[in-house]
1. When the residues of segment 210-238 are narrowed to those that are among the aromatic types (Phe, Trp, Tyr) and assigned to a helix (DSSP H, G or I), which ends up farthest from Lys251 (Cα to Cα)?
2. On the given criteria, is Glu230 open to solvent by 70 Å² or more (accessible area, probe 1.4 Å), under 33 Å from the mean Cα position of the chain (by Cα) and at pLDDT 95 or above?
3. Across segment 194-209, what is the total count of residues that are part of a helix (DSSP H, G or I) and surrounded by 14 or more Cβ atoms within 10 Å (Cβ to Cβ)?
4. Among the numbered criteria (1) modelled with pLDDT of 80 or more; (2) in a loop (DSSP other than H, G, I, E, B); (3) in contact with a Lys or Arg (Cβ under 8 Å, 6 or more places away or on another chain), which single criterion is violated by Pro260?
5. Which residue pairs have Cβ atoms under 7 Å apart, sit 6 or more places apart or on different chains, and have a first residue in segment 119-140 that is within 17 Å of Leu200 (Cα to Cα) and a second that is of a type in the set (Lys, Arg) and open to solvent by 30 Å² or more (accessible area, probe 1.4 Å)?
6. Take Ser271 and tell me if it is open to solvent by 60 Å² or more (accessible area, probe 1.4 Å), at pLDDT below 70 and over 29 Å from Gln216 (Cβ atoms).
7. Quick one: how many residues across segment 330-351 are more than 24 Å from Asp220 (Cα to Cα), open to solvent by 20 Å² or more (accessible area, probe 1.4 Å) and of a type outside the set (D, E, K, R)?
8. Do any residues in segment 305-330 that are over 16 Å from Glu230 (Cβ atoms) have Cβ atoms under 9 Å from those of residues that are surrounded by fewer than 16 Cβ atoms within 10 Å (Cβ to Cβ) and of a type in the set (Phe, Trp, Tyr), where the two are at least six apart or on different chains, and which pairs are they?
Amino acid sequence: MQQNGSSGSNGSDGCGARERQALSFSPLPAATTRVRRFIQERQRTLPLPKVMVVFSAAGDADKPSDAISSSDPTEEGDGVRKPPASPSPKHTSPSKPLRSSLSTQEQQQEFPEVISLNVGGTYFTTRLSTLRRHEDTMLAAMFSGRHYIPRDAEGRFFIDRDGAYFGDILNFLREGELPHRDRVRAVHREAQYYAIGPLLDSLEDIQPLTGEKVRQAFLDLLPYYKDNLERIVEIAKLRAMQKKARFAKLKVCVYKEEMPITPYERPLFNSLRFERSDSEAKLFEHHCEVDVTFGPWEAVADVYDLLHCIVSDLAERGIAAEQQCIGVCDKHLINHYYCKRPIYEFKITWW
């Protein structure tokens, strides 16, 4: 502090010492005047940094104050550190609750008690409680207020789905009514889209879905059934295009038993099936000269049941198919054993 002497002093340590000595031992008027001037200037300059540290406003910490700029340059490096400027309270806490409240209001959508719907261009009117009848459904989630639902020009809530069977969905939600048998499959697909579990369970317990479950359990026993079905379609389409014909024919082998049949069938035929060794079984393995082969399988359902499944599945895809048996496979295997698997001719008509 002795280095920051006033402009009226000589600026040396010796002079300050002589002044203090003169104040103590020599009460001369001139020395007394210099001491008073020195004390007054120190009182005027020293408190200023404290005022700047405590009362400086936010954002002004980097700007020099009038007191510092007007002071002597030698006092700028006096070692006083300025605290970092704290953010203004009006830019912090009030903004976060405001943003959260706005987002909550945007997410929560209010619905009237009576809902007007536009499902793919078909108009429906129902109660809000009907759409929320079952909690774990897509409709209940859509009209829970947590999701945004667009509206059409008339203000109806819009669902981008075919509305042909939405009336059956509403009838079930209203009073548990099930659709007519010829609409069961289509309503079942819509119930899967809207994830209405109770309706799905009810539909699967009636025809034709109950019969479909039994049929599918049989088809699961046949390896590559769907792949073979696709192969029939592809071969028939390719042959019809190559011949520029309206229909195409192909040969399909359908057999239930792995064991070949011969004219010399013995009474203990079934026992022979289990007495064969692995090496002998390989002698009977072969591929018939046909386009597609189905079998073998172990079930009560026979060859005609599988043929019915093939024709029905092709008809479900809009493909007309006819089949007839044209003979058996006469390939010689071993000794007097021949492959007697039945061969069917499928006729696929394209137009």
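1. Ranking the candidates gives Phe218 first.
2. yes
3. The qualifying residues number 8.
4. (1)
5. Ala140/Arg132
6. The answer is no for Ser271.
7. Final tally of qualifying residues: 10.
8. Here the result reads Ala320/Trp350, each pair linking segment 305-330 to a residue that is surrounded by fewer than 16 Cβ atoms within 10 Å (Cβ to Cβ) and of a type in the set (Phe, Trp, Tyr).
The values are calculated or read from the model by the stated rules, or taken from the named source; none is laboratory data. Here the structure is a predicted model, which is why all the values come from computation and not from measurement. As a convention, Cβ positions derive from the backbone with ideal geometry for all residues, glycine included, and neighbour counts pool all protein chains shown. Just the protein is used for accessible areas: all its heavy atoms, side chains included, with ligands, DNA and RNA removed. Shrake-Rupley method; radii C 1.70, N 1.55, O 1.52, S 1.80 Å.
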